[in-house]
C-alpha cells in the first residue's frame, strides 16, 4: 500500500477551508429560513450575516469569549433582528456547529463522485486534515473547541457535536470496512485519536510536527488493511 504524502490527493477544503465561511454557512441559514435554495431575501441576508459573523468569531476567538453584542455590532444588525432568528447565544452556537457539520458532510459525500475506491476517499480526508493543521488561521477543531465549553453532555451544543462525531466516525469506519480492514471500528478509533491529537498539537504547539505525526499515525493504521 502506498504511503501517505501531503501531495498525494488535494481535495477541496471544507472546515475551515478554501471556500469563504460565508458561503459555507449561507446554505445552512437559507435552509433554516425555509426559503428555496438560491432565494435571497432581506430576512435570509440578515440570518446569513449573523451566522457568518458568529462563525468567524466563534472559531477564531472561542464561543464563550464572543458575546451577543459583539456579533450584533459586527454583523450590522439590530438586537431585535438577532433575537428574531436566534433566541439565545446558545441557540446560535448550535446552528454554528450544525453548519460546520453540514460542510463536513458535504465534503465527505462529494468524495464518492471524485474517487472510485474507499482507500482514495479516506486518503483524501487525511490529506485535507493534514493540510488544515498547517493552514493560516487554524485554531483547532471547531467541534472539540465548542464542546469543551459545555460540561453537560445533554446540552444542545454537546448533542450537536456528538451527532457530528458519531456520523464522522461511522463514515470513516465504513471506508475502512470497504478497504478490507479486519477491525474497521478499531481503525476508525485510531484514526480519530490521531486526528484529535494532531488538531490539538497544531493549535497549541508545532503545526509542522503535528502534520508529520498525523501522516505517520494514519499510515500505520492503513498498513493494517488487507489488500
Does at least one position in segment 82-94 carry a residue that is crowded, with 21+ Cβ neighbours inside 10 Å, farther than 19 Å from residue 159 by Cβ and modelled with pLDDT of 95 or more?
yes
Among the residues of segment 74-98, write down those that are more than 15 Å from residue 56 (Cβ to Cβ) and part of a helix (DSSP H, G or I).
79, 80, 81, 82, 83, 84, 85, 89, 90, 91, 94, 98
Among residues of segment 201-211, those that are surrounded by fewer than 16 Cβ atoms within 10 Å (Cβ to Cβ) and assigned to a helix (DSSP H, G or I), counted:
3
Since residue 196 meets every condition but one in (1) part of a helix (DSSP H, G or I); (2) in contact with a helix residue (DSSP H, G or I) (Cβ under 7 Å, 6 or more places away or on another chain); (3) over 21 Å from residue 131 (Cα atoms), which condition does it not meet?
(3)
Of the conditions (1) in a helix (DSSP H, G or I); (2) farther than 25 Å from residue 194 by Cα; (3) modelled with pLDDT under 95, the single one that residue 71 does not satisfy is (3)
Do we have any residue at all in segment 99-115 that's over 20 Å from the mean Cα position of the chain (by Cα), in a loop (DSSP other than H, G, I, E, B) and without any contact (Cβ under 8 Å) to a residue 40 or more places away in the chain?
no
Quick check on this structure: which one of 181, 164 is surrounded by 15 or more Cβ atoms within 10 Å (Cβ to Cβ), touching a helix residue (DSSP H, G or I) at 6+ places or on another chain (Cβ under 9 Å), in contact (Cβ under 8 Å) with a residue 12 or more places away in the chain and not in a helix (DSSP H, G or I)?
181
Residue count, segment 138-154, condition assigned to a loop (DSSP other than H, G, I, E, B), in contact with a helix residue (DSSP H, G or I) (Cβ under 8 Å, 6 or more places away or on another chain) and within 17 Å of residue 92 (Cα to Cα), comes to 2
If we scan segment 129-137, do we find a residue that is within 24 Å of residue 65 (Cβ to Cβ) and assigned to a helix (DSSP H, G or I)?
yes
Could you check segment 116-125 and list, in sequence order, the residues that are part of a helix (DSSP H, G or I) and either without any contact (Cβ under 8 Å) to a residue 12 or more places away in the chain or under 13 Å from the mean Cα position of the chain (by Cα) (or both)?
125
Would you please list the contacts, defined by Cβ atoms under 8 Å and residues six or more apart or on different chains, that run from a residue in segment 135-152 that is at positive phi to a residue that is modelled with pLDDT under 95 and in a loop (DSSP other than H, G, I, E, B)?
137/16
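The values are calculated or read from the model by the stated rules, or taken from the named source; none is laboratory data. Keep in mind it's a predicted model, so treat the numbers as computed, not measured. Virtual Cβ from ideal backbone geometry, glycine too; neighbours counted across all protein chains shown.
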